[in-house]
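The values are calculated or read from the model by the stated rules, or taken from the named source; none is laboratory data. Not measured: the values here are computed from a predicted model. Here the Cβ positions follow ideal geometry from the backbone for every residue, glycine too, while neighbour counts run over all protein chains shown.
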Amino acid sequence: MMTVDNQSASHPTLGQVIDRILSSGYITSADQNYLRRAVLSETPLSQIEQNQVRRVFDHLGMGLLRVI
């Protein structure tokens, strides 16, 4: 799994961030920045991670996530 910064206990994985976004029903500006950095990172996302990011954007497009 991809982490934007060096992986440690204080840095959640991309999957953990996306799980929290989808389960809570909202996305913060910090979440948006995290996703942006992950997508633009030199480290390519796995197919699973790409699908997870796509789910977030799909949920945003369907109005299922609240932006706070």
Notebook entry, point to check: So GLY63 clears everything in (1) surrounded by fewer than 10 Cβ atoms within 10 Å (Cβ to Cβ); (2) modelled with pLDDT under 95; (3) not aromatic (Phe, Trp, Tyr) except one condition, right? Which one?
Noted result: (2)
Check: If you scan the range 37-68, which residues turn out to be of a type in the set (Gly, Ala, Ser) and not in a loop (DSSP other than H, G, I, E, B)?
Finding: ALA38, GLY61
Note to self: Where the second residue is among the hydroxyl-bearing types (Ser, Thr, Tyr) and the first is within 15 Å of HIS59 (Cα to Cα) and lies in the range 14-41, which pairs have Cβ atoms under 7 Å and are six or more apart or on separate chains?
What the structure shows: VAL17/TYR34
Margin query: I'm checking my understanding of the structure. Among residues of the range 23-60 that are of a type in the set (Asp, Glu) and more than 9 Å from the chain's Cα centre (by Cα), which one is surrounded by the most Cβ atoms within 10 Å (Cβ to Cβ)?
Written below: ASP58
Item checked: Residue in the range 22-36 that is closer than 17 Å to HIS11 by Cβ and not in a helix (DSSP H, G or I) present -> yes
